[in-house]
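Undergrad: Encoded as structure tokens, here's the structure I'll be asking about.
All of the numbers you see were taken from the coordinates with simple rules; none came from a lab. In this text the structure is predicted, and so the values were computed from the model without any measurement.
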Amino acid sequence: MKLNAQQLRTIPVDIAEAKKVKRNPITIICDNVLDTYNVGAIFRLADAVAAEKVYLCGATETPPNSKIKKASINTWQWVEWEYIATAKEAIMKVRGSADAKAMADKQKAEGTRLPDGQGKQKIQIIAVEQDTRSKPFYQVEYQFPLAIVVGNETYGVSKEVLDMADAIVELPMWGINKSLNVMVSCGIVLYEVMKQIDTIKYY
């Protein structure tokens with residue numbers, strides 16, 4: 001089922017239909033993203049790439065919120081989300097969830113019970129930020145499962161989160177402007193992820 005903006009704004013959410021959407025193992029973590037229009041746009045982006053979940057952390061505003069509703073064109077109702085006090089805690093949670101899922105999947109496939117600590121699937125944590133350690137977004141090899149962390153519009157992704165990331169990526173800037181909008185940056189990185197992994201075969 002595909003809905004246009006007007007339909008998304010007016011048609012009530014059908015939870016059963018929402019659950020039928022095949023999700024990609026992508027999580028978006030908002031680390032103190034303050035602009036509610038950015039938050040809403042990130043929900044719209046999360047729906048576009050069929051992300052599994054959005055974590056709203058710290059001072060990030062949460063639904064229901066009129067600006068989030070408007071910018072997301074109601075996609076916040078289709079995408080699973082959760083508030084967590086800090087992005088650091090969100091990363092710890094997604095790492096734990098990925099480990100547990102990988103173990104359960106392997107046990108199911110083999111019909112066995114694995115010893116503790118075996119069968120773990122590492123989730124790749126990617127922070128989108130300008131930093132001395134960052135690489136151009138197109139020079140990093142992405143893999144599923146994956147979490148993208150985006151940060152505050154002024155201060156960026158917090159240092160403790162950058163230290164936890166498997167990779168820090170940035171968008172090269174060739175003009176006078178130093179940086180791009182947080183949602184735009186997140187979108188460019190996510191579509192590079194989708195291109196590399198080629199899940200949707202759109203080329």
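Undergrad: Which pairs in the list Lys88/Lys195; Lys20/Lys53; Lys70/Lys159; Lys53/Lys135 are over 20 Å apart, alpha-carbon to alpha-carbon?
TA: Lys88/Lys195; Lys70/Lys159; Lys53/Lys135, as the Cα separations exceed 20 Å there.
Undergrad: Report the gain in length on full extension from Asp163 to Lys135: 0.36 nm times residue separation, minus Cα-Cα distance, nm rounded to one decimal.
TA: 8.6 nm
Undergrad: Can you run phi through the Karplus equation (6.51, -1.76, 1.60; θ = phi - 60°) for region 136-141 and list ³J(HN,Hα) in whole Hz, with x for Gly and Pro?
TA: x, 4, 8, 9, 9, 8
Undergrad: To continue, here is another question. What does the extension gain come out to for Ile176 and Leu34, with contour length at 0.36 nm per residue minus their alpha carbon separation?
TA: 48.7 nm
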